[in-house]
Amino acid sequence: MKKLSKTLFQIVTAAVLLVLIAPIIYFAWRMGQPLPQPEFKGLTYYQFVEWRKMAYEERAIQYQTSHPAKKVDPGMCNRNVQILTIALLPLQSFGYTIASLNGAKPRASYPLPEDVTIVNFVPKWWDTFEYLFWYNTIRLNGLRNDLVEYCRVQSAIPTPEEFETMKREHEVHISTNSQ
């Protein structure tokens, strides 16, 4: 009896770990794939987030230069958007995917995925996350924060090739300024 309960406990523990770790691994992998919406120009989620951080920092530096009397926190814009993306979007997309799994139908105000099953739950959850990320970033113009003037990204989203060039230039600029 003791051996049976120990084996059952190990099976349940393994199943719980799989259920918790599989979505994290799947999301991490998908974040490395190009975003399908044309506005992202083939960037992966990771590339886009890195580009956005560089664009926010560049804009903050430009703003500080033209407004020397104002206090500018160059990392604030990126921190705020990252907190929202990391804390809210996974939960919101999870809720939408659960609602669809339970039979709720999509509406214009709620982009529920369709045909969700237990088997395809994680990919549908990612699709919903990706849609909400696009919606908040592009459709709602999330790159333009009207509350904080220096949180308005002015450059266009680059292609992967342009991003790599910008990244190298940014690294050179940072290393030159830190010396």
field: Fully extended contour minus Cα-Cα distance, from Glu114 to Val19, at 0.36 nm per residue
entry: 32.1 nm
query: In whole angstrom, how far apart do the alpha carbon centroids of the range 48-72 and the range 118-179 sit?
result: 14 Å
message: Quick one: 3J(HN,Hα) in Hz for the range 2-7, Karplus 6.51/-1.76/1.60 with θ = phi - 60°, rounded, Gly and Pro as x.
response: 5, 5, 5, 5, 5, 5
message: Taking the 0 to 90 degree range and rounding to the nearest ten, how far is the long axis of helix 89-101 tilted relative to the main principal axis of the chain, both from C-alpha atoms?
response: 40 degrees
- prompt: Quick one: if you stick a label point 7 Å off each Cα along the C-beta vector at Val12 and Arg152, how many nm between them?
  reply: 5.7 nm
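Quick one: which of 128-138, 84-94 comes out on top by average Cβ neighbours within 10 Å, and what's the full order, highest first?
Result, highest mean first: 128-138, 84-94.
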statement: Residues whose built amide H sits under 5 Å from the amide H of Arg152, excluding neighbours closer than 5 in sequence, are Asn145
query: How do 1-14, 99-112 rank on mean C-beta neighbours within 10 Å, highest first?
result: 99-112, 1-14
statement: The long-range amide H neighbours of Thr44, using H built 1.01 Å from N in the peptide plane and a cut-off of under 5 Å, are Leu35
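Quick note: the coordinates plus some simple rules give every number you see, no bench work behind them. This structure is a prediction, so every number in the text was calculated from the model and none was measured. All Cβ positions, glycine included, derive from the backbone under ideal geometry; neighbour counts span all protein chains shown.
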